[in-house]
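Down below is the structure, laid out as structure tokens.
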């Protein structure tokens, strides 16, 4: 009995299948023995109906998000944004992904797990909870193993040692949720370079990075009010004021 091949991932399986298909295509066609399968397919392919839409194959289940912002699929748990806690959502399971859909929009997506009793959390899903309970940043399951960029980790460790550090760092994360993790990383690097590391300095650097550039006033003056004669500085007016002050 031939032993069936085993693969570590679907990518490895697909690669093996592609190689196997190319090998089989070199065999003689079962009804046209003078030609190979690939030659017959090349002749037939232009006559086939083209694929005009992507086939999104998935198994769909309706579930309710738990109070801890999780859905359970095949004995594993996946996080969902805190705003969807307690809501009914569509959970779509593909060969390699779990997608959670609410109101017609994908609100979370995770790589599919194939073991049992595993937990996969996206820390960003729990930011609103941190806003109410900043202490969860130290021991909360989604944040303990959060693989943040090194500059952010260094700044976090320093800020958490300062008074009200939990709340201060959570405010930085809340802002990074809109500005992006790259912007926060750069802001932390600038703070570390300055030698002064606290939430105010990092917040100031972050705001400078994400604030839009001020428009050039010279390029936005309407033509109708442009000056035709440049005013001349008259310093004698100041001398006149000084003389008036001396009189008094």
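The values are calculated or read from the model by the stated rules, or taken from the named source; none is laboratory data. It should be emphasised that the depicted structure is a prediction, and the values quoted were computed from it without experimental measurement. Positions of Cβ are generated from backbone atoms using ideal geometry, with glycine treated the same way; all protein chains shown enter the neighbour counts.
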query = Going by the structure shown, is residue 168 over 24 Å from residue 197 (Cα atoms) and either touching a helix residue (DSSP H, G or I) at 6+ places or on another chain (Cβ under 6 Å) or free of Cβ contacts under 8 Å to residues at least 40 places away in the same chain (or both)?
reply = no
ask   = Out of (1) in contact (Cβ under 8 Å) with a residue 60 or more places away in the chain; (2) exposed (fewer than 14 other Cβ atoms within 10 Å of the Cβ), what's the single condition that is false for residue 133?
value = (1)
inquiry  = Of the residues 45, 26, 118, only one is at pLDDT 90 or above and loosely packed, with under 10 Cβ neighbours inside 10 Å; which?
reply    = 45
query = Restricting attention to segment 41-57, does a residue exist that is in contact with a strand residue (DSSP E or B) (Cβ under 6 Å, 6 or more places away or on another chain), more than 22 Å from residue 140 (Cα to Cα) and in contact (Cβ under 8 Å) with a residue 24 or more places away in the chain?
reply = no
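Being in contact with a helix residue (DSSP H, G or I) (Cβ under 9 Å, 6 or more places away or on another chain), free of Cβ contacts under 8 Å to residues at least 60 places away in the same chain and at positive phi: is that true of residue 180 here? Let's see the steps before the verdict.
Values: in contact with a helix residue (DSSP H, G or I) (Cβ under 9 Å, 6 or more places away or on another chain): yes; free of Cβ contacts under 8 Å to residues at least 60 places away in the same chain: yes; at positive phi: yes.
Answer is yes for this residue.
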